[in-house]
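Let me begin by handing over the structure; questions about it come next.
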Amino acid sequence: MEYKRLGDYIRGVNVRNRELKVTNLLGVSISKEFMPSIANTIGTDMSTYKIVKRRQFAYGPVTSRNGDKVSIALLDGYDDAIISQAYTVFEVIDHKQLLPEYLMMWFRRPEFDRYARFHSHGSAREIFDWDELCDVMLPIPSITRQREIVSEYETLTNRICLNNQMIQNLEATAQALYRKTFVDNIDKENLPEGWRMGTLSELAIITMGQSPNGETYNTNGDGTIFYQGRTDFGRRFPKARVYTTSPTRFAKEGDVLLSVRAPVGDINIAPHNCCIGRGLASLRCKINAQGYLYYQLQDLIAVFNVSDDEGTIFGSINKDDLYNIEIVIPKKEDISLFESQVSIIDCEIKLRDSEINKLTELQSLLLAEMGINN
């Protein structure tokens, strides 16, 4: 299919919030989504901010220090919003020739990010300016075919969102069950029969991570999957990105992975045997109750927050402090009963997460095919 110049299909928009009618302040993330702004706007003249409307785009021209991603997004969750003057707003001229949703799919392709970074220029900071954006070449099939492609992609997106919502509900249910059983109305001065105070190391086998030589790292799948810290953490399971040919400390499949450097206390579950770096510790329950251990660690967030506040400038927790965290240790029968209940929930969460990974792979495949099969 013949490639077309994007600038022939889009135009810049520069409408300011002069009358202060729009109050919904958003930013644009490198994940290519609009998000609520966290900027301090006290005393800021909001009348100079730009208005973006539904099915219009905004992007940040600065590409340096952006993780090789272009911050660009299509507004579809609101009728309108305001954004910083630093963003460029634009729109598709004729929706009968080019669907905004199809164009946004093109912007999500990693090839687009690589193109934008390559064509960025500047000394102090690199810019992918409006002229460069207009010079992007892309295939523009018939509007009917565009609708088909967008429909396929949105079907996958909706299924991913549904699974994420289900996981969130399941996790909330499991955490509520944990708190009802082991936290609410429990007096540490008068524990139930068979319960006692103890330390985390009495309940779990703890392995502190150790980073291999950096020269052994690779991203082509050579060696053992390696997690240095929380960088690769997901909602519950980390994503494999880096490998090492000289692994040092290990976590087994199912172990809880705990961030021991800023921010301390983030947790995931190892989906496979892996090597762990100094930013992580792995924990395995001594009584075969990994679900219980996972939710107990989630409930220790207040303890980990203290570690962040009182630690170094980076925040960390050392081996001795981690081993000696004081916890309530219920009797084994109570833990086992909870484990039998929560394991059903956790299995469903794992299945939903696996489906999300497969759907995400299908999305990536669909984006890749935009450049060759239209």
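The values are calculated or read from the model by the stated rules, or taken from the named source; none is laboratory data. Because the structure is predicted, anything quoted here is derived from the model rather than measured. Neighbour counts are summed over all protein chains in view; Cβ atoms, including those assigned to glycine, are modelled from backbone coordinates with ideal geometry.
In segment 315-327, is there at least one residue being assigned to a strand (DSSP E or B), aliphatic (A, V, I, L, M) and either over 23 Å from the mean Cα position of the chain (by Cα) or not assigned by TED's automatic domain parsing to the domain that holds Q228 (or both)?
yes
Here's another thing I want to ask about it. Inspect segment 346-359 for any residue being β-branched (V, I, T), under 21 Å from the mean Cα position of the chain (by Cα), under 30 Å from W195 (Cα atoms) and modelled with pLDDT under 95 and give the result as yes or no.
No.
Residues being part of a strand (DSSP E or B), small (G, A, S) and more than 26 Å from the chain's Cα centre (by Cα): count how many of those fall in segment 20-56.
Count: 0.
If we keep just the residues of segment 193-203 that are in a loop (DSSP other than H, G, I, E, B) and not charged (D, E, K, R), which is nearest to the chain's Cα centre (by Cα)?
Going through the qualifying residues, I end up with W195.
Just name the residue that is nearest to I127 (Cα to Cα) out of those in segment 60-86 that are at pLDDT 95 or above and surrounded by 18 or more Cβ atoms within 10 Å (Cβ to Cβ).
That would be I72.
May I ask you to list the residues in segment 204-223 that are among the small types (G, A, S) and not in a loop (DSSP other than H, G, I, E, B)?
If the condition is that a residue be among the small types (G, A, S) and not in a loop (DSSP other than H, G, I, E, B), then A204, G214 are the ones that fit.
In segment 145-194, which residue that is among the acidic types (D, E) and touching a residue at least 40 places away in the same chain (Cβ under 8 Å) is nearest to Q290 (Cα to Cα)?
The selected residue is E171.
For segment 48-64, check the following and say yes or no: at least one residue is farther than 25 Å from R5 by Cα and in contact with an Asp or Glu (Cβ under 7 Å, 6 or more places away or on another chain).
Looking through segment 48-64, at least one residue is farther than 25 Å from R5 by Cα and in contact with an Asp or Glu (Cβ under 7 Å, 6 or more places away or on another chain).
Residues that are assigned to a loop (DSSP other than H, G, I, E, B), touching a residue at least 24 places away in the same chain (Cβ under 8 Å) and small (G, A, S): does segment 337-350 have at least one?
No, that holds for no residue.
Of the residues V260, V306, V256, V264, only one is more than 21 Å from the chain's Cα centre (by Cα) and either crowded, with 20+ Cβ neighbours inside 10 Å or modelled with pLDDT under 95 (or both); which?
Within the list V260, V306, V256, V264, the selection yields V306.
Being of a type in the set (F, W, Y) and surrounded by fewer than 18 Cβ atoms within 10 Å (Cβ to Cβ) is the filter; apply it to segment 116-133 and report the residue that is farthest from F34 (Cα to Cα).
The selected residue is F118.
Has segment 132-143 got at least one residue that is modelled with pLDDT of 95 or more, within 20 Å of I30 (Cβ to Cβ) and not assigned by TED's automatic domain parsing to the domain that holds S31?
Checking segment 132-143: not a single residue is modelled with pLDDT of 95 or more, within 20 Å of I30 (Cβ to Cβ) and not assigned by TED's automatic domain parsing to the domain that holds S31.
For residues that are in contact (Cβ under 8 Å) with a residue 60 or more places away in the chain and surrounded by fewer than 20 Cβ atoms within 10 Å (Cβ to Cβ), scanning just segment 285-294, find the one that is nearest to K331 (Cα to Cα).
For segment 285-294, the residue satisfying everything is I287.
Being out of contact with any helix residue (DSSP H, G or I) (no Cβ under 8 Å at 6 or more places or on another chain) and buried (at least 20 other Cβ atoms within 10 Å of the Cβ): is that true of S282 here?
yes
How many of the residues making up segment 108-130 are under 17 Å from L6 (Cβ atoms) and without any contact (Cβ under 8 Å) to a residue 40 or more places away in the chain?
Matching residues across segment 108-130 total 3.
State yes or no: is R109 among the basic types (K, R) and touching a Lys or Arg at 6+ places or on another chain (Cβ under 9 Å)?
no
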